[in-house]
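*Asks:* So that we are looking at the same thing, I have put the structure below in structure tokens.
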Amino acid sequence: MMSCFPPCFDCHHGTFGSCRPTSLARDANKGPTTAAQVTVAFEGTITCEDKAAGIQEELAALAATNASEKAQKHVCVEEQAVVVTSDCPANLKLADVSEEVQAPSLANELDEEAGLPPLGVKWQVLYEQKPFSPKSLFPPLIWIPQYWRTYHGGIREEDRPYVGELPFSLKGDTIAGLTVGVMLVPQCLAFALLAGLPIQTGLYSSFLPLLVYALFGTMRQVQTGPTALMCLLTGQALDSLGVMTPGPRVAGATLMALLVAAISLVLGMMRVGGVVSFISHSVLTAFCTAAGITIGTSQIKHVLGVKLPRSAHWWETVRDLFSALGSIHVPTFVMGSTILIGLLTLKYWKSAGCAAKRSQHRIWRFFPKDKASLPFRALKLVADLSSLIAVLTGALWAAAYRSAGIDGVVLVGDVEADGLIVALPGQGYYSELLGDSTLFVSAGTIAVVGFLESVAVGGKFAAMSKYIFDPNQELIALGLANLASSFVSGFPVTGGFSRSAVNVTFGATSLLSVVISSLLVLLAVYILLPAIALLPLASMAPIIMQGAIVFIDVHEFQVAFRSYPGELLVMIATLIVSLALTVKEGLLAGFVCSVLKTLYEIANPNLALVGEIQGNFRDMRYFPQAQQAPNAVVVRMDAQVHFANSGKLKDFVFKAVQVRESMGTKIDYAVIDGKSVNSIDLTGCQMLEGLAEALAGRKQKLVVANLKAPIAALLHTTGVQKHIQKYGGQLCLDLHEAMELITDPAADWGPAADKVSGLVETRGLVAKSPGGSMSPKARQAEPVGAATP
């Protein structure tokens with residue numbers, strides 16, 4: 001029975017929007033007008049209440065008409081049927097018809113007359129890979145012409161996937177580039193301090209790498225450069241190598257950047273950008289939280305004004321801090337803590353939410369709340385440039401201390417001011433550095449984590465503005481950026497969240513903003529380096545600590561505690577190992593734990609005894625009111641059936657039968673609901689054969705129902721269907737049909753078995769069709785009512 005509510009406004013057949021003149025079956029430019037018209041096969045039942053008797057004549061007449069007459073027909077799509085009507089009165093309704101006639105594919109015939117490809121060919125693009133274009137390796141060849149067309153004639157239709165809802169703006173890119181450049185200079189200096197490297201290397205890592213990324217990147221709003229996470233990983237890797245003096249340490253950092261570049265380029269050229277998805281969200285959350293804790297802890301010594309050796313492990317740093325509490329330098333502590341409190345206040349105020357939330361907050365209600373007001377915008381600008389303000393405040397504060405005769409505030413000290421120097425990575429220290437495999441392992445970790453950080457940042461903004469980017473090209477772009485960094489005495493870089501957020505806030509629309517920021521850093525290299533020597537470390541450490549807090553995510557731990565105990569164990573293991581050893585080992589431990597957890601879940605899937613309630617089959621544990629079949633048990637496994645869990649399914653079936661029998665019910669059938677099974681291996685096939693044979697020894701039969709088409713065809717071709725039939729069982733595509741046959745002792749299982757057999761030809765035709773799509777011949781071979789693959 002096909003429903004018609006609400007009716008189409010044109011002919012009152014089918015649902016609204018599913019009716020169209022057949023001559024307009026496909027517009028050459030717009031394609032199909034509804035999702036239903038894409039998914040149906042356009043072979044269906046011709047049904048019309050007052051024309052059922054003359055249905056054959058109607059079809060014959062329709063076939064004989066010319067295209068202009070066909071233009072007056074309507075094709076209404078309802079599920080898998082095409083309803084053809086001619087001059088239907090407005091009050092005509094659909095009804096059940098005893099005789100069903102398979103109609104030809106009218107839409108495809110009209111497409112052929114119009115010279116268009118059949119509809120079935122058009123949706124094959126869903127299964128086709130995007131062809132390679134040389135321009136994709138050098139994205140400016142794509143986006144610079146689009147930029148030009150934005151100001152001269154407008155963008156084209158083919159530009160829209162790249163432009164999305166973010167039109168190019170030279171004004172926005174200029175303002176954002178200058179703002180981020182001002183923000184980047186103090187940040188990169190502080191991050192070099194975090195890695196334990198000479199402070200000028202932060203500037204070296206923030207010019208040429210940014211310029212190179214702008215030439216090869218595809219994420220339009222990402223600002224690359226040094227980040228807290230990259231510097232922590234780099235610093236810990238160098239600590240594990242035992243290089244503490246400036247010369248070998250810089251050489252090790254450049255070699256690290258070179259290896260990161262090589263790994264990123266290889267992964268990008270192999271087009272395996274999706275490989276990083278094997279690191280779960282839980283592992284990344286715990287990893288980043290541990291990184292944030294480690295980064296923040298490492299900078300406390302500068303705020304307190306105490307001298308501590310650089311420690312390889314977090315717990316060693318904590319131990320040393322407690323032992324040095326008696327030697328706090330009070331002037332330094334006052335300056336550092338004040339700057340830290342100011343930075344955190346601005347940070348949390350900026351993310352406090354809408355005006356209503358700010359008004360209800362016990363602190364933010366005293367701050368500007370209206371985003372359109374001048375005070376709010378002025379304070380927002382201060383918050384965005386807080387890093388620069390912190391450094392300038394610290395410099396003036398330290399100068400005031402010196403004028404007052406207060407000593408003991410530690411400054412950056414002498415800085416090499418020779419400017420950018422191009423040199424081979426690791427020159428002079430190859431034998432000392434390359435003999436340790438730790439360097440290579442650390443480089444692999446940095447490459448993966450850096451890519452994850454960059455894509456997480458850029459992907460978020462790309463989704464917001466609905467433009468596309470290429471993850472594989474991002475790997476190549478980051479690889480080349482790190483390659484450039486390695487030749488200018490820099491360290492590994494990636495996309496940074498805070499700078500990218502500011503970039504977006506100030507209107508960046510392309511990587512031109514990154515170019516502008518890099519040029520500002522270049523000016524700083526030659527102008528500001530001499531002045532950097534007077535900056536106090538206590539004003540730079542709060543910048544790092546503010547950035548570290550972003551990584552600490554307590555909320556995710558709380559969610560896992562409430563809902564996902566297994567995920568919580570993985571997160572705790574990752575966190576503990578990261579803090580006890582280093583974050584590199586913590587990431588590896590988390591990956592291993594998540595893999596073990598996944599294997600455990602695969603081997604122990606959800607198994608359910610199901611019953612029928614309101615036409616659906618539900619788990620009896622959650623729906624105890626569901627009704628079970630009088631002479632059968634129905635079980636379901638929510639997983640693939642393979643060697644790791646097939647034995648669990650077999651045991652569960654026997655147990656379910658025994659429980660029902662112990663309740664006094666005579667069981668004739670054991671039914672497996674294959675709704676959730678999308679794959680089965682040879683071990684699973686053998687299990688089904690053995691289960692059928694074992695049940696036959698108990699005078700019971702096995703029915704495997706609700707099968708997806710590929711699984712049903714596979715069980716047929718492997719001989720499982722014949723083996724089950726040999727012992728009185730059957731395969732069935734539909735669970736409701738199977739239950740009807742089970743309850744009727746005289747039922748004929750032949751039609752149900754024929755439907756499964758008919759899928760074999762369909763499966764072969766689908767495999768041979770271009771793109772793996774179903775050919776017209778395959779659609780004709782598919783039985784009516786077959787389960788959706």
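The values are calculated or read from the model by the stated rules, or taken from the named source; none is laboratory data. No experiment lies behind these values; they were computed from the predicted model shown. Note that each Cβ is placed from the backbone with ideal geometry, even for glycine, and that neighbours are counted across all protein chains shown. Surface accessibility is based on the protein's heavy atoms, side chains included, excluding ligands, DNA and RNA. Shrake-Rupley method; radii C 1.70, N 1.55, O 1.52, S 1.80 Å.
*Asks:* Return yes when Leu581 is open to solvent by 30 Å² or more (accessible area, probe 1.4 Å) and either free of Cβ contacts under 8 Å to residues at least 12 places away in the same chain or more than 25 Å from Val306 (Cα to Cα) (or both) and no when it is not.
*Replies:* Considered against the rule, which asks whether it is open to solvent by 30 Å² or more (accessible area, probe 1.4 Å) and either free of Cβ contacts under 8 Å to residues at least 12 places away in the same chain or more than 25 Å from Val306 (Cα to Cα) (or both), Leu581 comes out as no.
*Asks:* Here's something else I'd like to know. Do the conditions hold for Ala639, that is, is it within 28 Å of Met571 (Cα to Cα) and either buried (at least 18 other Cβ atoms within 10 Å of the Cβ) or at pLDDT below 95 (or both)?
*Replies:* Yes; evaluated as a whole, the condition is true for this residue.
*Asks:* Could you pull out every one of the strands (runs of 3 or more DSSP E) wholly within region 592-644 that has 2 or more residues that are free of Cβ contacts under 8 Å to residues at least 12 places away in the same chain? Don't jump to the end; show me each part of the working.
*Replies:* Numbers: elements: 607-613, 616-619, 632-637.
Counting at least 2 such residues, we get 616-619.
*Asks:* Follow-up question, since we're still on this one. If Pro134 meets every condition in (1) over 29 Å from the mean Cα position of the chain (by Cα); (2) at pLDDT 75 or above; (3) exposed (fewer than 11 other Cβ atoms within 10 Å of the Cβ) apart from one, which number is that one?
*Replies:* (1)
*Asks:* Can you find a residue that is hydrophobic (A, V, I, L, M, F, W, C), open to solvent by less than 10 Å² (accessible area, probe 1.4 Å) and within 28 Å of Gly247 (Cβ to Cβ) anywhere in region 489-510?
*Replies:* Within region 489-510, one or more residues are hydrophobic (A, V, I, L, M, F, W, C), open to solvent by less than 10 Å² (accessible area, probe 1.4 Å) and within 28 Å of Gly247 (Cβ to Cβ).
*Asks:* Taking region 235-291, which residues are polar (S, T, N, Q), in a helix (DSSP H, G or I) and closer than 19 Å to Ala312 by Cα?
*Replies:* Scanning region 235-291 gives Gln236, Ser240, Thr289.
*Asks:* Inside region 345-362, can you point out the residues that are closer than 29 Å to Ala190 by Cβ and open to solvent by less than 40 Å² (accessible area, probe 1.4 Å)?
*Replies:* Leu346, Trp349, Ala352, Gly353
*Asks:* I'd like to know if region 113-125 contains one or more residues that are of a type outside the set (Gly, Ala, Ser) and either at pLDDT 75 or above or under 15 Å from Leu512 (Cα atoms) (or both).
*Replies:* No, region 113-125 contains no residue that is of a type outside the set (Gly, Ala, Ser) and either at pLDDT 75 or above or under 15 Å from Leu512 (Cα atoms) (or both).
*Asks:* Name the pairs whose Cβ atoms lie under 8 Å apart, with the first residue in region 407-426 and on the phi > 0 side of the Ramachandran plot and in contact (Cβ under 8 Å) with a residue 60 or more places away in the chain, the second open to solvent by less than 50 Å² (accessible area, probe 1.4 Å) and in a loop (DSSP other than H, G, I, E, B), and 6 or more positions between them or separate chains?
*Replies:* Listed pairs, sorted by first residue: Gly408/Gly305; Gly408/His329; Gly413/Ala533.
*Asks:* Residues in region 185-216 that are open to solvent by 10 Å² or more (accessible area, probe 1.4 Å) and outside any helix (DSSP H, G or I): how many?
*Replies:* Residues that pass the stated criteria total 5.
*Asks:* If you scan region 467-493, which residues turn out to be outside any helix (DSSP H, G or I) and of a type outside the set (D, E, K, R)?
*Replies:* Of everything in region 467-493, those that are outside any helix (DSSP H, G or I) and of a type outside the set (D, E, K, R) turn out to be Tyr467, Ile468, Phe469, Phe487, Val488, Ser489, Gly490, Phe491, Pro492, Val493.
*Asks:* When you go through (1) touching a strand residue (DSSP E or B) at 6+ places or on another chain (Cβ under 9 Å); (2) small (Gly, Ala, Ser); (3) modelled with pLDDT under 95 one by one for Gly296, which number turns out not to apply?
*Replies:* Unmet condition: (1).
*Asks:* List the residue pairs whose Cβ atoms are under 6 Å apart, where the first residue sits in region 726-751 and is among the small types (Gly, Ala, Ser), the second is open to solvent by 40 Å² or more (accessible area, probe 1.4 Å), and the two are 6 or more positions apart or on different chains.
*Replies:* Cβ pairs passing all conditions: Gly728/Lys701; Gly729/Lys701.
*Asks:* Select, from Leu385, Leu420, the only residue that is closer than 19 Å to Ile543 by Cβ and under 43 Å from the mean Cα position of the chain (by Cα). Reasoning before the result, please.
*Replies:* Working: Leu420 fails: closer than 19 Å to Ile543 by Cβ.
Just one listed residue meets the conditions, Leu385.
*Asks:* Let me ask another. From the list Pro167, Pro145, Pro161, Pro139, which one is without any contact (Cβ under 8 Å) to a residue 24 or more places away in the chain, open to solvent by less than 90 Å² (accessible area, probe 1.4 Å) and within 30 Å of the chain's Cα centre (by Cα)?
*Replies:* Within the list Pro167, Pro145, Pro161, Pro139, the selection yields Pro145.
*Asks:* Just to be sure, is Gln223 surrounded by 20 or more Cβ atoms within 10 Å (Cβ to Cβ), more than 29 Å from Gly177 (Cα to Cα), in contact (Cβ under 8 Å) with a residue 40 or more places away in the chain and of a type in the set (S, T, N, Q)?
*Replies:* No.
*Asks:* Residues that are closer than 16 Å to Leu385 by Cβ and more than 23 Å from the chain's Cα centre (by Cα): which helices (runs of 4 or more DSSP H) entirely in region 495-571 hold 1 or more of them?
*Replies:* Counting at least 1 such residues, we get 497-505, 512-527, 537-549.
*Asks:* Ok, one more. Out of (1) farther than 14 Å from Met545 by Cα; (2) touching a residue at least 40 places away in the same chain (Cβ under 8 Å); (3) in a helix (DSSP H, G or I), what's the single condition that is false for Arg319?
*Replies:* All conditions are met except number (2).
*Asks:* Moving to a separate point now. Kindly state which helices (runs of 4 or more DSSP H) lie completely within region 338-455 and contain at least 1 residues that are polar (S, T, N, Q).
*Replies:* Values: elements: 355-360, 374-384, 386-403, 430-433.
Ranges flagged: 355-360, 386-403, 430-433.
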